[in-house]
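Below you'll find the structure, written out as structure tokens, and then a few comments.
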């Protein structure tokens, strides 16, 4: 594990990063509760990837850069600027949901205010879309970098290869991310691809590719920081493969105990990135047990209030069904 001080972040910034990661976990747990008691219909979880997603998002200038997330990126979009209430409005399907005004499935994050571009339920279509966003920076001579993510399963789709090829040819200011949790729903990685690591695909398209351990906050942040600097300095795209765990089933409609052994699941939980990050912060003097309790209570209050407020908001009206639909 690289020491946190190597990031150059202040103690306050590091503590905020921990809070962001913990917010993602606690909000995700709330979404599972709401689904199980029938108040919401669906959840697809990012538990296990929170630390990596915070480190990734913090490397960008969130006042001007663009983000095209995929469905497990709740912690990343929270770090980018969306709120717990924004996420809950989407899960409840409310009219004020910033992602789609209650029209999309949950976990299809979007925010015009924060330059977060929502995606299709057809996996990986955000990849070719991201090349258009990034190409726009060149054509309009604007100084922004584009971030796009997907999982290792959907990274095998044809449009992903087309997007990376185009980005290499046009030298786009774009950071491609593959969040590799080793399972495409129930299909393990050895049945998905034959290369040693998915990061190797970057050089195949003419730009760097790196694999990083998503449990290592400092290493992940520094890898993304370099990729963003390269993109901003007209050095072109980068592919980053972030190794993460998927602590939950693929979605609320799946049961991973059917295809993953008890031993595998227990070993995975021992390596929970949030616990690893918390232990590192305690050892390096950034965090205390008292501070952890304080943050936990603050987040509990925040998420309870956001849940109550979001649930009480109005549903979309039938008359609005044709609004914001373009043909």
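Taken together, the values in this text are just the output of simple stated rules run on the coordinates, not laboratory data. This is a predicted model, so every value here is computed, not measured. With ideal geometry, Cβ positions are generated from the backbone for all residues, glycine too; neighbour counts draw on all protein chains shown.
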*Select from region 185-208 the residues that are surrounded by 12 or more Cβ atoms within 10 Å (Cβ to Cβ) and assigned to a helix (DSSP H, G or I) and list them in ascending order.*
189, 198, 199, 200, 201, 202, 203, 204
*Scan 147, 172 and give me the residue that is buried (at least 24 other Cβ atoms within 10 Å of the Cβ) and assigned to a loop (DSSP other than H, G, I, E, B).*
172
*Would you be able to say whether some residue in region 57-75 is surrounded by 24 or more Cβ atoms within 10 Å (Cβ to Cβ), farther than 23 Å from residue 173 by Cβ and in contact (Cβ under 8 Å) with a residue 60 or more places away in the chain?*
yes
_Within region 109-131, does at least one residue satisfy the condition of being touching a residue at least 12 places away in the same chain (Cβ under 8 Å), assigned to a strand (DSSP E or B) and either surrounded by fewer than 24 Cβ atoms within 10 Å (Cβ to Cβ) or in contact with a strand residue (DSSP E or B) (Cβ under 9 Å, 6 or more places away or on another chain) (or both)?_
yes
